[in-house]
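This report concerns only the one structure given below.
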Amino acid sequence: MKASFDKAATTYDQSFTNTLIGKLQRNLVYEVVSKHLYQIKNILEINCGTGEDAIWLAKKGFEVTATDISTEMIFIANSKKNLQNLNFVYADINTISEQFSDKKFDLVFSNFGGLNCLNIDELSDFLNSVSTILSEKGKLILVIMPKNTLWEKVYFILKGKFKTAFRRAKKVVFANVDGISVPTYYYNPKDIVNLSKTNFNYLDVKPVGFFIPPSFLEPFFKNKKGFLGLLETLESRIKNWSFLSKYADHYLIVLQKK
């Protein structure tokens, strides 16, 4: 997995962070996250990529430790860093609680499907262990790719790729990341609630990209800003419709330590 994301690091900002769709989806995430930042002092971000979210959080004055399994992602993130309250650190999700066992965080945050790289046993282990590095009533905010996203189904059905259209229903999908196959697992909100219920209370879930399309459609929408603007408007009208979360490109789920 590390090698896959090392290879993707140099193009990640170009292919997602700085794209029209990437910015729209990230803004949706920020709007929800902002509502959960009261009484927060220190934050741990996992799968931070090239550091966009960590920088955004640090600029708000929080103490941020941002981690990724890709040393190349960390290298690029560090090249952007100019804040004293932000540190980028190499870390593996599967051992994150051990690496930071001597610390407590008020919030652990994971954006845009990093946890979809974990199989169900790994994800269960993560949800059980991460509570040990959260402070009392600390929060866990995760942005995850669900099984039932409608955009992907409709797009691939129209292209006659029926197997691809329903690929998220499989136990594991080998996603192409710059020519390298990466095992990817999809989870609906109910799956996360069930896996985390021992240590967490469920607080909220919101769709991220029900009308706003997946990033792989950026080339199509790049010259259709009016159409994309319409989709953004529609998205704003359903952003609080939690029941649509499992049909969106991603969803954001908020959990709180018991």
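Please treat every number below as a calculation from the coordinates, not as lab data. Just so it is clear, the model here is predicted, and its values are computed rather than measured. Cβ coordinates were reconstructed from backbone atoms using ideal geometry, including for glycine residues, and neighbour counts include every protein chain displayed.
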(request) Would you work out if the range 1-62 is rounded, prolate or oblate? Take a ≥ b ≥ c from the square roots of the eigenvalues of the alpha-carbon gyration tensor; rounded if a/c is under 1.5, else prolate when a/b is larger than b/c, oblate otherwise. (result) oblate
(message) Can you show me the helix-derived [θ] at 222 nm for the chain, built from DSSP H runs with n ≥ 4 at -39,500 (n - 2.57) apiece and divided by the number of residues, rounded to the nearest 500.
(response) -10500 deg cm²/dmol
(message) Kirkwood hydrodynamic radius, the range 62-188, all distinct C-alpha pairs: what's the number in Å?
(response) 16.6 Å
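Suppose every Lys and Arg Cβ carries +1 and every Asp and Glu Cβ carries -1, with no other charges. What dipole size does the range 106-153 come out with about its Cα centre, to the nearest 20 debye?
Details: 4 positive and 6 negative charges, 48 e Å.
I would put it at about 240 debye.
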(message) Please compute the length gained on full extension between Lys81 and Leu158, using 0.36 nm multiplied by the number of residues separating them and subtracting their Cα-Cα distance.
(response) 23.4 nm
(request) With a ≥ b ≥ c taken as the square roots of the eigenvalues of the C-alpha gyration tensor of the range 136-222, please select rounded if a/c is under 1.5 and otherwise prolate if a/b is larger than b/c or oblate if it is not? (result) prolate
(request) Report the residue, chosen from Gly113, Gly61, Gly209, that carries the largest GNM mean-square fluctuation when the chain is represented by alpha-carbon nodes joined by springs under 10 Å. (result) Gly61
(request) Excluding Phe216 itself, calculate the net charge of residues whose Cβ lies under 11 Å from the Cβ of Phe216, where each Lys or Arg counts +1 and each Asp or Glu counts -1. (result) -3
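Once you've got the Cα coordinates, tell me which of Lys60/Lys81; Lys23/Lys147; Lys7/Lys104; Lys59/Lys197 are over 26 Å apart.
Going by Cα-Cα distance, Lys7/Lys104; Lys59/Lys197 fall outside the 26 Å limit.
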(request) Give me the percent of Cα-Cα pairs in the chain that sit more than 30 Å apart, rounded to a whole number. (result) 23 percent
